[in-house]
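Heads up, the thing below is written out as structure tokens.
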Amino acid sequence: MSNKDLAIILHNYPQSPVAEKIRTAFGIKGLSWSNVEIPRLPPKPMLTTLTGGYRRTPVMQIGADIYCDTLCIIQELEKRFPTPSFMPTNDAGFLWCLSRWTDGALFDLAVKIVLGSAGENLPADFAEDRGRLYLGEDWAEGLKRANAELPHLVAQLRITLGRLDQQLSDGRKFLSGQQAAAIDAQMYHVAWFVEGRWEGGPSFIAQFPNVKQWMLSVSEIGHGQSATMTAEEAIAIATSNQTQTGQGVLDNDPQGLAVGQKISVVPDVNGGEQAVEGTVRMADIYSVAVDRVSDTAGEVCVHFPRAGYRIEVL
Ligand SMILES: N[C@@H](CCC(=O)N[C@@H](CS)C(=O)NCC(=O)O)C(=O)O
């Protein structure tokens, strides 16, 4: 069976900006995919049975391979479906590095603006879950601070949009030229989130006409072709397939990882998240994958990026 025969499944929900990044990435590559809608708040047992505890959105599944985090997903899509490339210019190294910032500091800034500006209007359970995930143990204080310092936060975000607006002023259609790149999806999901979920968002974005025009171009790319799938169907696909990931660890692993070693993997932020445990199947500079046995789906291979994730040898 070739890679192309196995369907791409995205576990996500429509309001998720981070999922919008991947839906747009599917559009850039013109991919077909199955859409499994997951809950916006935990518990998410049909998702975590596949991931081993990772609860963030989105998660991509291809057969019995489960890809956590959008960096890991984009890396995998580029490997399996190289054309058209997510990196159409000769700046791939810079662009991968830049995506660490769009997905980290820039997205966190947007989260503070959206959550902070909503203030008391956030539903209590949502505020508690997302507050803890993004703002740490003192999240209630953090939300109040974000609300109080909203002008400062907006001034920070304005810098990025100002720079992008300048870059786009030469008439290019996308950020790095006439062809859409991964960095378009990676910047776009932040702008989409701010415009759609902060009440000041539309007028803020309107100050940057080139950015607004670029957002339209990115939205016109669409999301590829998708069809609805149930979580039960996705689990059955994991059960009836085997991982396509080869075994091996690149030489000179700085953490001394070895195939078969028991490890845990968790986002390296103070989000109060559950670590995923399994045995190393594959590790290289950019990714790590563990084998684990799911209660409902049998043997699965769960993949993470190494950037931004903490691996502990157990
Ligand atoms: N670094 C992660 C961030 C994922 C993330 O924070 N996603 C948000 C959704 S927009 C989330 O998980 N929120 C909590 C949830 O959906 O349960 C990635 O790039 O995939």
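Listed values, structure above:
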{"quantity": "Qualifying residues in the range 291-314 (those that are free of Cβ contacts under 8 Å to residues at least 60 places away in the same chain and part of a strand (DSSP E or B)) - the one nearest to residue 135 (Cα to Cα)", "calculated": "310"}
{"quantity": "Check on residue 45, assigned by TED's automatic domain parsing to the domain that holds residue 309, out of contact with any strand residue (DSSP E or B) (no Cβ under 7 Å at 6 or more places or on another chain), at pLDDT 95 or above and surrounded by fewer than 17 Cβ atoms within 10 Å (Cβ to Cβ)", "calculated": "yes"}
{"quantity": "Residue check, residue 264 polar (S, T, N, Q), under 19 Å from the mean Cα position of the chain (by Cα) and surrounded by 17 or more Cβ atoms within 10 Å (Cβ to Cβ)", "calculated": "no"}
{"quantity": "So residue 54, is it surrounded by 20 or more Cβ atoms within 10 Å (Cβ to Cβ), within 10 Å of the ligand (Cβ to nearest atom) and of a type in the set (Ser, Thr, Tyr)", "calculated": "yes"}
{"quantity": "Of residues in the range 60-76 being touching a residue at least 60 places away in the same chain (Cβ under 8 Å) and in a strand (DSSP E or B), the one nearest to the ligand (Cβ to nearest atom)", "calculated": "68"}
{"quantity": "Output for the range 100-138, where each listed residue is exposed (fewer than 15 other Cβ atoms within 10 Å of the Cβ) and over 20 Å from residue 189 (Cβ atoms)", "calculated": "119, 120, 121, 123, 124, 125, 136, 137, 138"}
{"quantity": "Filter result for the condition that a residue is under 30 Å from residue 44 (Cα atoms) and either surrounded by 23 or more Cβ atoms within 10 Å (Cβ to Cβ) or outside the structural domain of residue 76 (by TED's automatic domain parsing) (or both), over 193, 208", "calculated": "193"}
{"quantity": "Answer residue from the range 175-200, given it is away from the ligand (no atom under 11 Å from the Cβ) and among the charged types (D, E, K, R) and is nearest to residue 71 (Cα to Cα) among those", "calculated": "184"}
{"quantity": "Residue in the range 80-99 that is in the same structural domain as residue 131 (by TED's automatic domain parsing) and within 13 Å of the ligand (Cβ to nearest atom) present", "calculated": "yes"}
{"quantity": "Verdict on residue 143 being surrounded by 13 or more Cβ atoms within 10 Å (Cβ to Cβ) and within 14 Å of the ligand (Cβ to nearest atom)", "calculated": "no"}
{"quantity": "Extreme residue, nearest to the ligand (Cβ to nearest atom), among residues of the range 25-45 that are of a type outside the set (S, T, N, Q) and touching a Gly at 6+ places or on another chain (Cβ under 8 Å)", "calculated": "26"}
{"quantity": "Residue among 57, 102, 89, 83 that is within 20 Å of residue 19 (Cβ to Cβ) and part of a loop (DSSP other than H, G, I, E, B)", "calculated": "57"}
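The values are calculated or read from the model by the stated rules, or taken from the named source; none is laboratory data. Nothing here was measured: the structure is a model prediction, and the numbers come from that model. Glycine gets a Cβ as well: all are built from the backbone with ideal geometry, and neighbour counts include every protein chain shown.
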